[in-house]
Every structure is written in C-alpha cells, then in structure tokens.
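See below for the structure under consideration.
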C-alpha cells in the first residue's frame, strides 16, 4: 500500500506541476497576445535618430512607424551599434537623395508583429535585421558560389544606400530606411527575407554586432580568402572589421598574422584576437608592402584590406606573395577608382572582393550567433563603449575620431 500511495502522490504532484506550468505558459502567451493586440495593425509613434541632411548631427525625433505589410516584420530594436558604413553615408558619400534617413544596420531586437503571409516569424522572436537579404529562392541564393541575393538589388537603392520602400514618416515627410533596415529607431519594419531568427538565449546587446562588421571581417578570412592552416596573413586596418578578420585568420589556423594600422593603440587588442605581429606604417621610411615582403620572404599568403581606401587596397595586394598570394578587398567605398599594372596579377596573385564576409544572410548570421554562444567566436572584446540612443552623436564622434571599436547603444528595454 505504501508503494501505491507513493505512486499516487507522485502522479498527483505531476498533474499539479503540469497544470501550474500550463497556467504560467498561458499567462506568458496572454501577455504576448495582449502586447500584440495593443499595437498590431496600428501606427507606432516612437523615437529615432533622424539624419535630416549630410554632414550634420542626427536628431532624436518622434517618428511614425507604419504596420508591417505583406511579407514584412515589425521589430522592436533592443540594441544597435555604429558601423563605419553609417559614417560613410553621413560624412563621406553624402548623396543628397539619401536624406532624410534613419541610419543603423547593426542591430538586434524582438518581433512585435508580422504582416500577412509571414510564417517564419511570430511576436516575441529574437531577430537580427540584415542589410544583405536571403530570399532562398533566386538562382544566387541557391548557388554555393555567392552569398548575394537577386532581390537585394531590387529592394535597396545602392547609390543612396536606402530601401526602395519605407514605413517611416516624420513631421509629414517620408524618411528613408538606411540599407532597408534602420536600427537607430525603437521600431523598424523589414521584409522577412532580410531578417533572421536567432537563439532565444542570445544577448541582444552583444549579438547585434553580427549584423555587419564582425561577420564581414571574420567571413572575409574564412569564407572569401579561405585562409589555410599554417599560412601567413596580413590584415590592413584594425577597426571592428579588421579585428574580426584577424580573429578569422586565427580560427582558420594561420601561423603568422601581421596586423597593420597607423594607430598603435590597436596593437594590444589585435594580439588578444590572434595577431602575432603589429606594424605601424608610420614607423617605416619605405612602402608598407616592402616592409611586409621583408618580414615574410616575399609576401604573405593572404592579405585583407579592411579600410575602404583604394591606396591601401593596392598596398594589400602588393603585400601578398606574387606567385600565389590571395588579396581580399573588404573595406567599402564607391567614391574612387583603382588601377594596377597587369604584372601584379599575371604571375599568379588572386584579387577578390568580399561582401558581408561571404555569409548568406539568414543562414550565416544565425550560425555566427550559435558560434558565439558556444564560445567559438568573440564579441565582447569588440565593445569599447555602452551608451544609449540619446548619445548617438557622441557614438558617431567616437567612431569618426577612431576612439572606439564598437559603441553599443541600448535602444529599447527587452
């Protein structure tokens, strides 16, 4: 009887626990549903950093964010960071037709509501917006030869770095969504092909960095250059992209990684992430490619340019071994031409470019989030400042003056 009594008590306890769990889950679902009911299908007024014109401070404004349309997702942005591409649009290219805009493309958040036809996402999902979409249906998405998506060329106007569509208005004016994303806003609306669902355990104030810079640099080494074990590498430029490239070279098994930057303060961080040598071009009275050639008996196996400067691109190419070197252009610019003499390639060098590190957007970012959670990829070391959206202009100045690697801003509470 005692055994039967114990079994009965255990069964009763199990039923009570399951009932309590179901009640808790039901309450959580009710909260999500209530939150959805409160805003779904309605215009949301929220705060965003609006760049009204080029080369001017951005302004925190109240904007209107329309509900998601068919195949779109509305996201509450929790955290975002400033990337050099934001500064490039604001302070360098300054295309007049690209303003007003809400910048930002390195962010992470939570799905607030979805439009018709969306089945991949639901309210409450943790997600990362993608400036490089992945529709998974076009010939590019189906090909292992590229990470490009044909729809990326139709949904974003590259010359003005803005989405063709925008769900933002401010003071009665249409406001562009930078690269189709705009993460310097408490809410944004993005086509589902430019959003990836991530592990619920991922800390959004860390994995937001995977929206651009870290994937771009790391993937350029691993996916594009295909750095080999035991090889020699040179990484030009030690911003977040360059440091991530160093990390990628290390992960690929390079035996020697030469980090190159004119800022000596970057040396220690580069070595933490895997660099074996640091070279400051200002410390030498001859061209940097000659310095690298002298250090490596003729040049490195792989070189990566992570600055976005055409002169540095040429230096990186010339720093690679003439007979078999692979040099990858990673830094972004669309303002200047570049020319080389044919002999730089005829003898055997390969010169190639890398967009978003060769990662297919949805698949690659989700994989990198998993790698971070498994401690195979570092992110915390890239964050030098934690700020709020109100401090956006301070964050821009830090980046402009090379005083930070990544400044992560809290946009909304989770």
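Only a single criterion out of (1) within 30 Å of residue 158 (Cα to Cα); (2) in contact with a helix residue (DSSP H, G or I) (Cβ under 9 Å, 6 or more places away or on another chain) is not satisfied by residue 299, namely (1).
Taken together, 104, 109, 163 contain a single residue that is surrounded by 20 or more Cβ atoms within 10 Å (Cβ to Cβ), in contact with a strand residue (DSSP E or B) (Cβ under 7 Å, 6 or more places away or on another chain) and at pLDDT below 95, which is 163.
Within region 66-73, one or more residues are in a strand (DSSP E or B) and buried (at least 17 other Cβ atoms within 10 Å of the Cβ).
Among the residues of region 292-311, not a single one is in a helix (DSSP H, G or I), without any contact (Cβ under 8 Å) to a residue 40 or more places away in the chain and crowded, with 21+ Cβ neighbours inside 10 Å. Restricting attention to region 129-186, the residues being part of a strand (DSSP E or B) and under 28 Å from residue 413 (Cβ atoms) number 10. Of all residues in region 374-389, those satisfying the criterion of being surrounded by fewer than 16 Cβ atoms within 10 Å (Cβ to Cβ), out of contact with any strand residue (DSSP E or B) (no Cβ under 6 Å at 6 or more places or on another chain) and touching a residue at least 12 places away in the same chain (Cβ under 8 Å) are 376, 380, 381, 384. In the set (1) surrounded by fewer than 24 Cβ atoms within 10 Å (Cβ to Cβ); (2) in the same structural domain as residue 385 (by TED's automatic domain parsing); (3) at positive phi, residue 226 fails one condition alone, (2).
Could we say that residue 200 is under 20 Å from the mean Cα position of the chain (by Cα), more than 25 Å from residue 385 (Cβ to Cβ) and either assigned to a loop (DSSP other than H, G, I, E, B) or not assigned by TED's automatic domain parsing to the domain that holds residue 128 (or both) here? For residue 200, the condition - under 20 Å from the mean Cα position of the chain (by Cα), more than 25 Å from residue 385 (Cβ to Cβ) and either assigned to a loop (DSSP other than H, G, I, E, B) or not assigned by TED's automatic domain parsing to the domain that holds residue 128 (or both) - is met. Considering region 354-372, the residues that are out of contact with any helix residue (DSSP H, G or I) (no Cβ under 7 Å at 6 or more places or on another chain) and assigned to a loop (DSSP other than H, G, I, E, B) include one that is nearest to residue 333 (Cα to Cα), namely 355.
Pairs meeting the criteria (first residue in region 325-353 and without any contact (Cβ under 8 Å) to a residue 24 or more places away in the chain, second residue surrounded by 13 or more Cβ atoms within 10 Å (Cβ to Cβ) and part of a strand (DSSP E or B), beta carbons under 7 Å, at least 6 apart or on different chains) are 345/351.
The values are calculated or read from the model by the stated rules, or taken from the named source; none is laboratory data. Note that the structure is predicted; figures quoted are calculated from it, not measured. Ideal geometry is used to build each Cβ from the backbone, glycine not excepted, and the neighbour counts take in all protein chains shown.
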